[in-house]
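**Q** Please see the structure below; I have some questions.
The values are calculated or read from the model by the stated rules, or taken from the named source; none is laboratory data. Everything numeric in this text was worked out from a predicted model, so none of it was measured. So basically every Cβ, Gly included, is an ideal-geometry build from the backbone, and we count neighbours across all protein chains shown.
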């Protein structure tokens, strides 16, 4: 069952997918459904003995392309809609124990190519308004499978957070001589320099001035590219290099493979023009505030939407930069 | 639904596709198949001469 219900108090859709209650939950490594299928072994999601990078439709999708009209009709105030969309799983490697941080720049570069291909293909589907590429990593984030993988949700609407960001960028543009909000933010970060963690030729990783998590980091394209699909070959290589430096920095700083949420923000695929408004970037939200303490989204964050952060971005960026530079030297 | 998506409905496996790529991009081969339950699966492979060691 895939169903959307409208929340008129916040002006946003909520997706219901009750079948997800039955999804595979932290199986032992020898029964990982994301491994390749070994000769004589149990059949996994991937019917080959090895693979490079694989994408498949999620067996337990939050949104489905053939979602029926909901049985629950709702009301004019609280309408419902089919939970229509596409949910994919992206397997980064057939090595069950690999992590993105531990992968070669070449493999990350190949993954960038796959992400760009999925953005283009899913974005071309007429009911898809937003292609959201993300990774939940680590049990602290609630992952149910440890195998290195990310996900893609192709939504039939622009989800609230990217929507707010786009509205802010459009507003800024209209009030500032058509300038891009993100380009100006990046210019400020470069000029200040204290929160820059890793700088490549085409991408920069930094802890934003207004980070919502202690070790939140954003990876911005230097050029105002609306989406990952619009990146040049050189830019894609540089994105892989900067991602690698940031991720290795995270793991070196904490001394273990750091859990995180990684999300990509880019142009919606609803047919509107987002040139100069959408600026491709990746955001990381690690839940850790120290090696053994987590930042929970509690009353203020969840109920009020007001984040309280225990550390200043300048401090966390300095530590993260040192770790990333150590990894790079 | 776009033609591109409809073209890949269950039961319509595709031959490997060598995708268009920007300058400097690795060669990517894309093979699309359908699983027994009708879901699609896409195998992406790249030139292995570009594959370096994994750091662990």
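**Q** Evaluate the following for residue A:50: is it more than 30 Å from residue A:126 (Cα to Cα) and under 20 Å from the mean Cα position of the chain (by Cα)? Steps first, answer last, please.
**A** Values: more than 30 Å from residue A:126 (Cα to Cα): yes; under 20 Å from the mean Cα position of the chain (by Cα): no.
Answer is no for this residue.
**Q** Separate question: Can you tell me which residue within the stretch A:39-48, out of those that are within 12 Å of chain B (Cβ to nearest Cβ) and part of a loop (DSSP other than H, G, I, E, B), is surrounded by the most Cβ atoms within 10 Å (Cβ to Cβ)?
**A** Narrowing the stretch A:39-48 to residues within 12 Å of chain B (Cβ to nearest Cβ): A:43-48.
Then keep just the ones that are part of a loop (DSSP other than H, G, I, E, B); that gives A:43-45, A:47-48.
On the way: A:43: 11, A:44: 17, A:45: 23, A:47: 14, A:48: 14.
The residue in question is A:45.
**Q** Which one of A:222, A:241 is under 12 Å from residue A:205 (Cα atoms) and within 14 Å of chain B (Cβ to nearest Cβ)?
**A** A:241
**Q** Separate question: Looking at A:121, A:105, which is the one that is free of Cβ contacts under 8 Å to residues at least 40 places away in the same chain and either under 15 Å from residue A:265 (Cα atoms) or touching a helix residue (DSSP H, G or I) at 6+ places or on another chain (Cβ under 8 Å) (or both)? It would help to see each step written out before you state the result.
**A** Working: A:105 fails: free of Cβ contacts under 8 Å to residues at least 40 places away in the same chain.
Checking each option against the conditions leaves just A:121.
**Q** For the stretch A:122-135: of the residues being crowded, with 24+ Cβ neighbours inside 10 Å and within 9 Å of another protein chain (Cβ to nearest Cβ), which is nearest to residue A:248 (Cα to Cα)?
**A** We begin by selecting, within the stretch A:122-135, every residue crowded, with 24+ Cβ neighbours inside 10 Å; these are A:122, A:128, A:131, A:133.
Those left that are additionally within 9 Å of another protein chain (Cβ to nearest Cβ): A:122, A:128.
Working: A:122: 30, A:128: 34 Å.
In this case the residue turns out to be A:122.
**Q** Between residues in the stretch A:203-221 that are free of Cβ contacts under 8 Å to residues at least 60 places away in the same chain and residues that are assigned to a strand (DSSP E or B) and buried (at least 22 other Cβ atoms within 10 Å of the Cβ), which pairs lie under 8 Å by C-beta distance while being six or more apart or on different chains?
**A** From the stretch A:203-221, the pairs are A:203/A:219; A:203/A:220; A:203/A:221; A:204/A:198; A:204/A:219; A:204/A:220.
**Q** Being modelled with pLDDT of 95 or more and either in a loop (DSSP other than H, G, I, E, B) or within 14 Å of chain B (Cβ to nearest Cβ) (or both) is the filter here; which residues of the stretch A:66-81 pass it?
**A** Passing the criteria: A:75, A:76, A:77, A:78.
**Q** Take the residues of the stretch A:270-299 that are without any contact (Cβ under 8 Å) to a residue 12 or more places away in the chain and part of a strand (DSSP E or B): which is farthest from residue A:190 (Cα to Cα)? Steps first, answer last, please.
**A** Pass one, the stretch A:270-299, residues without any contact (Cβ under 8 Å) to a residue 12 or more places away in the chain: A:271-273, A:290, A:292-293, A:296-299.
The next check asks that each one be part of a strand (DSSP E or B); those that pass are A:290, A:293.
Numbers: A:290: 27, A:293: 31 Å.
Among those residues, the one meeting the criterion is A:293.
**Q** Out of everything in the stretch A:194-215 that is touching a strand residue (DSSP E or B) at 6+ places or on another chain (Cβ under 6 Å) and part of a loop (DSSP other than H, G, I, E, B), what residue ends up being surrounded by the fewest Cβ atoms within 10 Å (Cβ to Cβ)?
**A** In this case the residue turns out to be A:208.
**Q** State all residues of the stretch A:300-329 that are in a helix (DSSP H, G or I) and closer than 30 Å to residue A:171 by Cα; if no residue qualifies, say none. It would help to see each step written out before you state the result.
**A** Step one: list which residues in the stretch A:300-329 are in a helix (DSSP H, G or I), which gives A:300-304, A:313-328.
Those that are in a helix (DSSP H, G or I) and closer than 30 Å to residue A:171 by Cα: A:300, A:301, A:302, A:303, A:304, A:313, A:314, A:317.
**Q** With (1) farther than 30 Å from residue A:145 by Cβ; (2) modelled with pLDDT under 95 as the list, and residue A:297 as the residue in question, which single condition is left unmet?
**A** Here residue A:297 clears every test but (1).
**Q** Okay, moving on. Restricted to the stretch A:52-64, and to residues that are part of a loop (DSSP other than H, G, I, E, B) and touching a residue at least 60 places away in the same chain (Cβ under 8 Å), which residue is nearest to the other protein chains (Cβ to nearest Cβ)?
**A** First, pick out the residues of the stretch A:52-64 that are part of a loop (DSSP other than H, G, I, E, B): A:52, A:58-63.
With the extra rule that they be touching a residue at least 60 places away in the same chain (Cβ under 8 Å), the set shrinks to A:58, A:62-63.
Details: A:58: 8, A:62: 15, A:63: 14 Å.
In this case the residue turns out to be A:58.
**Q** So which of A:169, A:154 is surrounded by 18 or more Cβ atoms within 10 Å (Cβ to Cβ), assigned to a helix (DSSP H, G or I) and either within 14 Å of chain B (Cβ to nearest Cβ) or out of contact with any strand residue (DSSP E or B) (no Cβ under 6 Å at 6 or more places or on another chain) (or both)? Reasoning before the result, please.
**A** Working: A:154 fails: assigned to a helix (DSSP H, G or I).
Matching residue, one of A:169, A:154: A:169.
**Q** Of everything in the stretch A:1-41, what is touching a helix residue (DSSP H, G or I) at 6+ places or on another chain (Cβ under 9 Å) and at pLDDT 90 or above? Give them in sequence order.
**A** Selection gives A:3, A:10, A:11, A:12, A:13, A:35.
**Q** Being more than 9 Å from chain B (Cβ to nearest Cβ), crowded, with 24+ Cβ neighbours inside 10 Å and farther than 22 Å from residue A:249 by Cα is the requirement here; does residue A:85 meet it? Give the derivation first.
**A** Values: more than 9 Å from chain B (Cβ to nearest Cβ): yes; crowded, with 24+ Cβ neighbours inside 10 Å: yes; farther than 22 Å from residue A:249 by Cα: yes.
Considered against the rule, which asks whether it is more than 9 Å from chain B (Cβ to nearest Cβ), crowded, with 24+ Cβ neighbours inside 10 Å and farther than 22 Å from residue A:249 by Cα, residue A:85 comes out as yes.
**Q** Continuing with the same structure: Take the conditions outside any helix (DSSP H, G or I) and out of contact with any helix residue (DSSP H, G or I) (no Cβ under 7 Å at 6 or more places or on another chain) and apply them to residue A:267. Does it pass?
**A** Working: outside any helix (DSSP H, G or I): yes; out of contact with any helix residue (DSSP H, G or I) (no Cβ under 7 Å at 6 or more places or on another chain): yes.
Yes, satisfied.
**Q** If you don't mind, another one. Any chance you could count how many residues in the stretch A:124-142 are under 23 Å from residue A:29 (Cα atoms), in a loop (DSSP other than H, G, I, E, B) and touching a residue at least 24 places away in the same chain (Cβ under 8 Å)?
**A** Qualifying residue count for the region: 1.
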